[in-house]
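J.: Below you'll find the structure I mean.
Read-outs throughout are calculated quantities, based only on the coordinates presented, and are distinct from any laboratory measurement. Predicted model, so just to flag it, every value in this text is computed and none were measured. Virtual Cβ from ideal backbone geometry, glycine too; neighbours counted across all protein chains shown.
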Amino acid sequence: MSLSREDLAAIVARDIREGSYVNLGIGIPTLVANYLPPGDAIILHTENGMLGMGPSPAEGQEDPDLMNAGKLPVTARPGASYFHHADSFAMMRGGHLDVCVLGAFQVSERGDLANWHSGAPGAIPAVGGAMDLAIGAKQVFVMMDLQDRDGRPKLVADCSYPLTGVACVDRVYTDRAVFDITLDGLVVRETFDTTHDELRELLALDLIGIL
């Protein structure tokens, strides 16, 4: 049984160090905000110009002026600040973020990231801040299903989709396992109701033993 996206978001939140400045990408990474500890230990940044973002608001408590980059309603923690879009991107490009959490179409075993365009004819590219985050954040985490809707692995030897960044991903969180991308190779960090042999058969990649 694969892990739910909510459970996976809780695991990502668990692994973010106290005191980190973090950007959560559009899509399932936004769920991580709901599982971070209360208080100011972890500061969330959103590329449309906010520092100190909080979790999703309760139903009926949405503020139309508080949105993340994916146009979803969010809350603001005490002391939150607001700034110009260009200043937000300067924070991203300038190496001021400790962690970014992104979704992906594919990640290669070397840490190449493909998440802005499927390459399919007629597909609408989702060009946003991912390219800046991928090269600007000190650590890049990816959240994704291990397989696509057709059952094909999304963790691959080489990305077939257009790249967002080269060798930029540090860790991949999936519904079946968590992987660290290291200089020595692809390390299985944690598994969820999946064996090491099952992962090797599914991915057809060289995997280093579980940490």
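J.: Rounded to the nearest 5, what % of DSSP beta bridges with both residues in the range 5-208 are antiparallel?
T.: Within the range 5-208, antiparallel bridges account for around 55 percent of the total.
J.: Further, regarding this structure: Would you mind calculating the gained length between E201 and R17 on full extension (0.36 nm times residue separation, minus the Cα-Cα distance), in nm to one decimal?
T.: Contour length minus Cα-Cα distance gives 63.0 nm.
J.: Could you list which residues have their amide H under 5 Å from that of K154, counting only those 5 or more apart in sequence or on another chain, with H placed in the peptide plane?
T.: Those lying under 5 Å, H to H, from K154 are Q147, D148.
J.: With θ set to phi - 60° and the Karplus curve 6.51 cos²θ - 1.76 cosθ + 1.60, what are the ³J(HN,Hα) couplings of the range 12-20 in order, to the nearest whole Hz, using x for Gly and Pro?
T.: Using θ = phi - 60°, the values come out as 4, 4, 4, 8, 7, 5, 4, x, 7 Hz.
J.: How far apart, in nm, are the 7 Å Cα→Cβ label points at A41 and K138?
T.: Each label point lies 7 Å from its Cα, and together they span 1.7 nm.
J.: What number, in percent, do you get for the relative contact order of the range 5-208 if the mean sequence gap of Cα pairs under 8 Å and at least 6 apart is divided by its residue count?
T.: 17
J.: Please get the size of the charge dipole for the range 5-208, origin at its Cα centre, with Cβ charges of +1 on Lys and Arg and -1 on Asp and Glu, quoted in debye to the nearest 20.
T.: So the magnitude is around 360 debye.
J.: Sticking with this one: What are the residues whose amide H is under 5 Å from the amide H of G54, where those residues sit 5 or more places off or on another chain and H is modelled from the backbone?
T.: Close amide H contacts, sequence-distant or interchain: T75, A76, R77.
J.: Residue separation times 0.36 nm, minus the C-alpha to C-alpha distance between T182 and H85: what's the value?
T.: Gain in length upon complete extension: 31.6 nm.
J.: Count neighbours as other Cβ atoms within 10 Å of each site's Cβ, and list the GluC sites (Glu not before Pro) in the range 3-101 that are DSSP loop with at most 16 such neighbours.
T.: Passing both the DSSP loop test and the Cβ count: E18, E59, E62.
J.: So who's got an amide H within less than 5 Å of the one on N23, skipping anything under 5 residues away but keeping other chains? H placed 1.01 Å off N, in plane.
T.: Correct list: H45, V99, C100, V101.
J.: Restricting to DSSP H runs of at least four residues, report the calculated mean residue ellipticity at 222 nm for the chain, -39500 (n - 2.57) per run over all residues, nearest 500 deg cm²/dmol.
T.: Taking each H run of at least 4 residues, the total per residue is -4500 deg cm²/dmol.
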